[in-house]
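The values are calculated or read from the model by the stated rules, or taken from the named source; none is laboratory data. All of these numbers come straight from a predicted model, not from anything done at the bench. We place every Cβ from the backbone using ideal geometry, glycine too, and count neighbours over all the protein chains shown.
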Amino acid sequence: MKTAVIFATLLLACCCLLASAAAHNEKSVHPLKKFFSQKDANGGATCATCSILVGLVEQLSQIYNISIADSISKFCEFLPSGFNVACKLIVTDFAPTIIKLLENKETPDIVCHALDICTNQTGEFCHVFPLPKHDSTNDIRARVARAKQTVKLTRINLGLKSDAFLNPYHKFVDLCNISVIKPICDLIDRFGNDHLPVDDLDGDYFSDVPTFRGSSWRGKDCNDVSSKAHPGRYSVDDAIEDTNCNGILGRDPATGDTYESLWCKDSQPMGTVILGDSAGAHFHIPPAWLTSKEMSEEVFKDLFFILENELDWPMMSSATGYMNSTWPAAITGPVDSTYLRLKEINRCNHRDYQSIAVNGARASAMAKELVKGFARDGKTDKPVFLSLALIGNDVCNGHHDISHMTTPEEFYNSTLETLRYVDSIVAPGSVVIGVGLVDGRVLYNTLHDQIHPIGSYRNDVTYAQIYDYLNCLEISPCFGWLNSNETWRNLTTERAFQLNDAFKSLVAKETFNNFKVHYMDAAINEMFKRWVAEGGKPSELIEPVDGFHPSQIGQAINTAVTFDLLEKMGVLPPTNPYNDEIFKKFGDQGGY
């Protein structure tokens, strides 16, 4: 694939739980530059990436009873072709010092501090792995100082440069200065910042390629050389060409009318749309990526595909999910979604879905940038059933204060701006569901004393330790809720509820031309209640790697709970009486 060269440099970024923090990119800041920046406290995401990867290498050496050098090689060999070469190139410069330090029984955190990948500018030596109990030198400052001396001597003996770590971003910048590579870098800028399909020949924001914001995110384009043919259109004349890509075309020989006009025209079809964040996009890092006992080539074989979808799984999400997993080593679980249920109500809705959900999205970014990626034309396209679900990032970030939380006034104004834009492009008869922020205290309360995948080999790292470690580096996806300090957890929920009150006020005061907006509380508490009543464990509803997002089971349960509420609200469209005829005639309607 043409983008493989660039994404190979994301190896370090995407093999650890820090990818969720790195995904909170600002407009015009390149994703790789954001990730590899060391301006974050104590080394930030780069530090955490180092510690986790070195930790996995150390664990692999124990599991397979091999040397550290062989363990590094083994880890690289697990990765797909292209990535394994990049892996070996990246570690070449500092592998000798890593090997020496681990052979000296230093912890992964100490290794990364000694290499100056991790720093202590805030006065803290952030570490996630426990110090070894058998060593008398348990003062982390003393251990880092001792390890630095080892690094210095090792590199002198090997004749290496004094720099312990060559920042991969600098290598990326060098690549982008090459004329042949620059167009690829420009594509990544568009993909990383604008969140639009990379492969879109006709410029209608729909693609026939799954990844890079393609059909995993929006209905598959059935004619990518004509902007007049895409999912969600009203039929032009679907006797010969399927202009709305729903798999219904041709004429009924008895009446001479198109099947589209007979079975769809008066059925009140609606597209499914989510304007959301990483929970709506279904952010998921395969737990096996951080579980040393489970690592293998099979575990990483879909690495390209996963990265090309931004570590998100919208095709299995509660909003726009439409397929069961074909990646058993990466993700498993039931799939249920708003889109599938609206398609069950009306098969004319086939392929009419859009996930405008972005990792790290908050109300201001949605209003100013992200909503502009929503492809709809009120004159030519069908109405939509749209969820505006920014359920956490307006109170969640890595900063240790409340100044970076959205205020109720800001939330009101940004949400209103988003809805006014939606009103300008959707057809009359659309429905908008405004989903409130969650009470994220359930995350810490559920997981804090359980073992995180990175600690599963020795049962030595809990979620509470992971949360505090990310907070030490100031890169947590949510300092307020993923925090051992109960006061911060309560304060964050208080602000979330204030934003929900602002949303409710907006719904009560504002009116729109083409839709009515309905407010609905996030279903998180009911999700946990229902799952436990069915015999499930609360932790099964939370993503095991980041301890922050809803899991695959959580996504499906969320759909079930949400649809019960929507039925009570009376906002769902009627069932199409011709569904059986459509199925008999067109089967799976061309699939996906």
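Here are some notes:
- Residues (touching a strand residue (DSSP E or B) at 6+ places or on another chain (Cβ under 9 Å) and of a type outside the set (A, V, I, L, M, F, W, C)) located in the stretch 247-264: Gly250, Arg251, Asp252, Asp257, Thr258, Tyr259
- Yes/no for Arg351 being in the same structural domain as Glu540 (by TED's automatic domain parsing), under 18 Å from Phe212 (Cα atoms) and out of contact with any helix residue (DSSP H, G or I) (no Cβ under 7 Å at 6 or more places or on another chain): yes
- Spans of helices (runs of 4 or more DSSP H) in the stretch 92-193 with at least 2 residues modelled with pLDDT of 70 or more and either assigned by TED's automatic domain parsing to the domain that holds Gly44 or out of contact with any Ser or Thr (no Cβ under 9 Å at 6 or more places or on another chain) (or both): 95-103, 108-114, 140-158
- For the stretch 491-523, a residue qualifies if it is loosely packed, with under 14 Cβ neighbours inside 10 Å and polar (S, T, N, Q), and the qualifying residues are Ser505, Thr511, Asn513.
- With respect to the conditions (1) of a type in the set (Asp, Glu); (2) crowded, with 17+ Cβ neighbours inside 10 Å; (3) outside the structural domain of Thr415 (by TED's automatic domain parsing), Glu526 lacks only one, and its number is (3).
- A single member of Tyr421, Tyr444 is aromatic (Phe, Trp, Tyr), out of contact with any Pro (no Cβ under 9 Å at 6 or more places or on another chain) and surrounded by fewer than 18 Cβ atoms within 10 Å (Cβ to Cβ), and it is Tyr421.
- Residue, nearest to Ala427 (Cα to Cα), within the stretch 213-237, restricted to residues that are of a type in the set (D, E, K, R) and assigned to a loop (DSSP other than H, G, I, E, B): Lys228
- The set of residues in the stretch 229-249 being small (Gly, Ala, Ser), within 20 Å of Asp588 (Cβ to Cβ) and without any contact (Cβ under 8 Å) to a residue 60 or more places away in the chain consists of Ala229, Ser235.
- Condition met for Phe411 (out of contact with any strand residue (DSSP E or B) (no Cβ under 7 Å at 6 or more places or on another chain), more than 29 Å from Leu303 (Cα to Cα), in contact (Cβ under 8 Å) with a residue 40 or more places away in the chain and not in a loop (DSSP other than H, G, I, E, B)): yes
- Of all the residues in the stretch 214-228, those that are over 13 Å from Gly590 (Cβ atoms), buried (at least 17 other Cβ atoms within 10 Å of the Cβ) and not hydroxyl-bearing (Ser, Thr, Tyr) number 4.
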